[in-house]
Every structure is written in C-alpha cells, then in structure tokens.
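Working notes, beginning with the structure itself.
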C-alpha cells in the first residue's frame with residue numbers, strides 16, 4: 001500500500017498451532033518494543049488468528065503488545081493460506097500499520113509472501129537483524145545473501161507496511177510481565193468453509209521432532225570430526241548433557257548428517273545456554289548462527305582456529321581424546337553429587 005502518513009503502529013503476528021504459540025512471536029514483540037522507542041513511541045500491536053485462542057492475547061500483552069487484533073473463527077482452526085492471508089490482509093488494509101513482523105518459520109514464510117502480494121508492499125525475508133534507519137526513520141532489515149557470504153540491509157521506502165520475516169532465535173526473548181494488560185479488537189473473517197478449496201483430510205505427525213532452535217545444550221560437529229561416524233560420539237555427549245546435536249554446513253553438504261542439524265546463516269540460529277563446538281573451524285557463516293550462545297566451549301586440533309577466539313573456553317587437542325574425558329568427568333561429578341566416594345576426576 002502507498003504511504004499515507006507516518007507513525008503507524010508496529011505489528012507482530014502471533015503464530016500458533018493447535019493453540020500453542022511459537023516463541024518467535026514473543027521474540028518479535030520484544031524487538032518491536034525496541035523499534036517503537038526509536039519511532040517516537042509508536043504503538044506495538046499484535047495480530048492473532050485461530051479458533052478458541054483468545055487466551056493468547058494475555059500472553060501477548062505480557063510480552064509488550066498494547067493491543068491485539070483477534071479473528072476467532074472455526075475456519076481458522078487449522079492453518080491454511082487462503083483464510084489466514086485474507087483475514088490478515090483485511091486487517092492491514094483497515095488499520096494500516098507502519099511495520100509488520102512475522103517469524104521466518106515454515107508457516108510464516110508461506111503466509112508473509114501471500115500477504116505482501118495481496119496488499120502490494122515489499123517483504124524482506126529471513127532477516128537476522130532489525131533496526132531503524134536514523135535518518136529516514138524507516139525499518140532497516142538485514143539478511144544474508146549470496147549463499148550467506150554477504151549481509152544486505154534492505155529499506156522499503158515507498159510502500160507500507162514495511163514487512164519482514166525474522167528467523168527464530170536471532171533476537172533475545174524478553175522477560176514477560178504477567179500483570180500487563182491491553183485492548184482486544186475483534187474482527188470478522190466473513191469466509192465460510194465452503195469458500196476454501198483446500199481441505200485437510202488427515203495429519204501425520206513427524207516421528208521425532210528436533211528442537212534445535214530452542215535447545216539449551218547443543219553439541220555441534222564440523223569437518224574436524226573426520227568422518228560421519230564422529231557424530232555418534234557427539235550424540236553420546238549430547239545425551240549425557242540432555243542436549244541435541246548440531247552441525248556446520250560443510251558436513252551437511254557432505255551428507256554426514258541431516259540438514260535439520262545445520263547451524264549458521266544458511267541453517268538455523270540458536271541461543272543455547274551451552275554450545276560445544278567440536279572440530280568446527282569457526283567460519284563467519286557458522287558463527288553468526290550461534291554467537292548468541294550463553295557459553296561456548298570449543299574443541300579443535302588447530303590452535304589458530306577462529307572458533308577459539310570467540311569461545312569462553314577453548315581446548316586444543318584431539319576431540320576423540322577430549323570428549324570421552326569430558327564425559328568421564330561429567331559422570332564422575334554426578335556420582336560425587338549422589339554421595340559416591342573415592343572418585344578422583346582427571347583434568348584435560
């Protein structure tokens with residue numbers, strides 16, 4: 001839509017599935033609050049679609065939304081592109097936000113592009129950073145380009161809303177304020193089930209979900225493992241720590257492990273409490289995907305590997321000697337904590 005006036009609200013889509021909100025929605029509300037402070041206090045608002053999901057509005061208020069636009073309809077009980085994109089586009093055309101942020105999830109990517117096309121505006125996809133241009137006072141959305149080798153900052157000068165999809169976990173999760181309140185604006189979908197050509201006949205859940213983005217402990221491997229069998233050792237360490245296994249792009253491209261495990265600009269962005277990088281050199285494309293980790297332990301045979309410069313602790317040596325020793329010490333510490341005597345842990 002063409003620009004009509006300034007200082008419009010900043011919107012965030014509250015993504016939910018079966019009534020469970022995606023955490024990226026709360027991350028985006030935190031980002032929206034920061035952006036609003038740079039836009040003369042623009043109002044932060046949320047958009048919520050579904051059936052029987054009005055209770056999520058209270059959570060949105062807790063994470064910074066001052067107003068929630070709600071469309072609650074049985075047709076929206078499951079996600080389908082047509083009713084969701086039509087309902088949101090109608091809201092955009094009526095209330096005309098300045099900025100509209102959506103999570104770069106499978107649902108968000110599918111939905112955002114359709115909305116942008118319907119309302120005639122631009123969309124910056126898969127962003128890793130959001131800011132307000134200090135001179136033009138418009139959204140500066142940064143995303144990787146050219147296979148992750150460059151970062152591009154994109155401005156949408158001529159149309160509104162300025163839309164962006166943002167990767168989960170690239171932004172910090174704000175602390176909720178449970179006592180916060182706000183306004184709920186209810187709207188009608190005006191669409192019946194008969195109007196929708198797509199029907200869901202059945203749903204087959206995945207056998208095993210990999211929650212890499214929101215894992216608190218990640219043990220990641222790179223080319224320094226030497227072979228795909230090295231991931232068996234990393235999985236054992238991850239199991240010991242209650243974590244999951246990640247990987248660099250090079251080993252994924254080599255077919256050593258499934259792409260769901262890839263971390264970096266062309267993979268997933270993570271912010272665990274503990275990140276163990278085993279045999280990972282530390283290329284920029286990988287590091288931007290895990291630099292938000294609370295604590296980084298790097299293991300590498302090359303004492304000049306860049307990953308060691310950003311690690312909180314760096315261990316130089318053979319990972320096939322270091323990791324088994326780490327596991328032995330972890331087990332020994334647990335035995336001490338349970339009152340088992342005469343255990344003398346060694347130190348790497």
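Okay, here's what the table says:
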| item | result |
| --- | --- |
| Residue satisfying condition, being under 24 Å from the mean Cα position of the chain (by Cα), surrounded by fewer than 17 Cβ atoms within 10 Å (Cβ to Cβ) and either closer than 17 Å to residue 18 by Cβ or touching a residue at least 24 places away in the same chain (Cβ under 8 Å) (or both), within set 118, 109 | 109 |
| Meets criteria (touching a helix residue (DSSP H, G or I) at 6+ places or on another chain (Cβ under 6 Å) and surrounded by 17 or more Cβ atoms within 10 Å (Cβ to Cβ)) for residue 189 | yes |
| Positions within segment 323-336 being in contact (Cβ under 8 Å) with a residue 40 or more places away in the chain and closer than 26 Å to residue 281 by Cβ, in sequence order | 323, 324, 326, 327, 330 |
| Residue in segment 168-176 that is exposed (fewer than 15 other Cβ atoms within 10 Å of the Cβ), in contact with a helix residue (DSSP H, G or I) (Cβ under 7 Å, 6 or more places away or on another chain), modelled with pLDDT under 85 and outside any helix (DSSP H, G or I) present | no |
| All positions within segment 121-146 that are under 19 Å from the mean Cα position of the chain (by Cα) and farther than 11 Å from residue 165 by Cα | 131, 140, 144, 145 |
| Residues that are more than 11 Å from residue 14 (Cβ to Cβ), touching a strand residue (DSSP E or B) at 6+ places or on another chain (Cβ under 8 Å) and part of a helix (DSSP H, G or I), drawn from segment 35-60 | 35, 36 |
| Residue 260, sole failed condition from (1) assigned to a helix (DSSP H, G or I); (2) under 23 Å from residue 151 (Cβ atoms) | (2) |
| Residues located in segment 134-152, provided they are surrounded by 14 or more Cβ atoms within 10 Å (Cβ to Cβ) and at negative phi | 138, 139, 140, 141, 142, 143, 144, 151 |
| Those residues of segment 61-105 which are farther than 20 Å from residue 198 by Cα, outside any strand (DSSP E or B) and under 21 Å from the mean Cα position of the chain (by Cα), in sequence order | 61, 62, 63, 64, 65, 104, 105 |
| Which numbered condition residue 151 fails, given (1) over 22 Å from residue 40 (Cα atoms); (2) more than 23 Å from the chain's Cα centre (by Cα); (3) free of Cβ contacts under 8 Å to residues at least 24 places away in the same chain | (2) |
| Helices (runs of 4 or more DSSP H) (entirely within segment 275-348) containing at least 1 residues that are within 25 Å of the chain's Cα centre (by Cα) and either under 14 Å from residue 221 (Cα atoms) or at pLDDT 95 or above (or both) | 284-287, 307-310 |
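The values are calculated or read from the model by the stated rules, or taken from the named source; none is laboratory data. Remember, predicted model here, so these are calculated numbers, not experimental data. With ideal geometry, Cβ positions are generated from the backbone for all residues, glycine too; neighbour counts draw on all protein chains shown.
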